[in-house]
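Asks: Here you go, one structure.
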Amino acid sequence: MRRDQLVKTLALCLLPAMLTACAPSEGSNLSDGSSEATAENISYTDTAEPQESVTSSAEGTTLANSEEAENTSDSATDAPQDSTAASKTEPPEIEITTTKSNIPEWTETPASGELYVNTDNIYSRIKAVQGSEKVKRYSLNDKVTVVAKTDTDYYKLDDGTFIHCDYLSESEVVVSTETQNEENSGGDYTALTPNGYVIERIDGITYVDGIMIANKTYTLPKDYDPGIKPEAAEALDELQHAAAAEGLSFFIVSGYRSYATQESVYAGWVARDGVEQADTYSSRPGHSDHQTGYTFDLNSLDDSFADTKEGIWLAEHCADFGFIIRYPKGKEMYTGYVYEPWHIRFVGKEKARLITDSGLSLEEYYGITSVYE
Ligand SMILES: [Zn+2]
């Protein structure tokens, strides 16, 4: 009976139609800790034109989640400011209800069951109203026990605190580490990285923001054998011509490598240096960026390449042609590999520019890992 009730309330909350009803508070949540002015604006807007905000918020729910996650994360380091913001947002609410001060801020309907947090860095709150004091921080897929649902679209937890219904789901979100072994992997999925980018697996291949990913965490299928991708070859051609006009010369040392080729390449390095050492510079089969078909090693596989005219030019200009330096200097802990100034990866001009200008490795930019289990 209680289980039924929960399923009922869950269904209501998760249904697109009900997201509509969740939407005004959801929109208000965006303002938590970030702008008290927005919080007030939104609460007025809610009463003034509910239908309009409903449509847009329902569609933007996913993004709103990640923004909320980031905002709470930011303000977590700045507790005093946050509590100030919270107390500042409350007076208007009190003023509005001064004439009927005995009316509760929300009502609770009993519910029971276990739900999962569906985003990172969400906080339970002391009241079932947006902007109220934060109590406890939760991470993706933390399990919580629910004891009630409120008419303000919050779930009450067994510790008496509240989490908005948008941030709790019936099942766990599939996380990236489960893609470790493509042969044992589950089916296709779509999720969000902690940085809010779409990560999806289609036919055993993982894409983040549309970019095919092969690293220590994400594998490519054994039979994925595309050869060099035409768009990457074209971009390299363009790069080579532009460089030639400046008297510089680029040639391919290593381009596409199949699973089988990588198997023998890696085995060779392991035989020479051992697994631990080989793993810092060579990929295990199925994990190689070269198997994507978007990758080239140019000119020289030696650190000294970085200081040659070509190496300097490549670092400065490869983004203009849609490439990134895939394993930048000092980013080993994120990429899983040592600096490789000669290894460029095609991601398209727009994304290459964004990633390069960010100063981050691809893994940091998108919030993904690169580690062997
Ligand atoms: Zn390489």
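Asks: Once both labels are modelled 7 Å past Cα along the beta-carbon direction, what's the residue 246-residue 264 spacing in nm?
Replies: Distance between the two pseudo-spin positions: 3.8 nm.
Asks: Could you give me the ³J(HN,Hα) list for the stretch 304-321, computed from phi with Karplus coefficients 6.51, -1.76, 1.60 and θ = phi - 60°, whole Hz, x at Gly and Pro?
Replies: Running phi through 6.51 cos²θ - 1.76 cosθ + 1.60 with θ = phi - 60° gives 5, 4, 4, 9, 7, 4, 5, x, 5, 5, 4, 4, 7, 10, 4, 5, 4, 10 Hz.
Asks: Is there a quick way to get the dipole size of the stretch 331-372? I mean about its Cα centre, with the Cβ of Lys and Arg at +1 and of Asp and Glu at -1; what is the value in debye to the nearest 20?
Replies: The dipole of the stretch 331-372 has a size of about 180 debye.
Asks: Taking the Cα centre of the stretch 104-237 as the origin and placing charges on Cβ (Lys, Arg +1; Asp, Glu -1), which of 214, 112, 230 is farthest toward the positive end of the dipole?
Replies: 112
Asks: Would you please name the chymotrypsin sites (Phe, Trp or Tyr not before Pro) within the stretch 123-161 that are DSSP coil residues with at most 11 other C-beta atoms within 10 Å of their C-beta? Working shown, then result.
Replies: On the way: sites: 123, 138, 154, 155; in loops: none.
Taking the stretch 123-161 and a limit of 11 other Cβ atoms within 10 Å, no loop chymotrypsin sites (Phe, Trp or Tyr not before Pro) are found.
Asks: Kindly state, to the nearest 0.05, the FRET efficiency for residue 317 paired with residue 143, given R0 = 51 Å and r defined as their beta-carbon distance.
Replies: About 0.55, to the nearest 0.05.
Asks: Quick one: of 127/149; 229/349; 222/349; 127/156; 136/156, which pairs are farther than 19 Å apart, Cα to Cα?
Replies: Going by Cα-Cα distance, 222/349 fall outside the 19 Å limit.
Asks: Go through the stretch 231-262 and name the chymotrypsin sites (Phe, Trp or Tyr not before Pro) that are in a DSSP coil and have 11 or fewer other Cβ atoms within 10 Å of their Cβ.
Replies: 251
Asks: How about the stretch 279-352: which GluC sites (Glu not before Pro) there are in a DSSP loop, with at most 15 other Cβ atoms within 10 Å of their Cβ?
Replies: none
Asks: Once label points are set 7 Å from the Cα along Cα→Cβ at both residue 272 and residue 126, what is their separation, rounded to one decimal in nm?
Replies: It is 6.3 nm.
Read-outs throughout are calculated quantities, based only on the coordinates presented, and are distinct from any laboratory measurement. Worth saying up front: this structure is predicted, and the values here are computed from it rather than measured. Methodologically, a virtual Cβ is constructed for each residue, glycine included, from the backbone with ideal geometry; neighbour enumeration extends over all protein chains shown.
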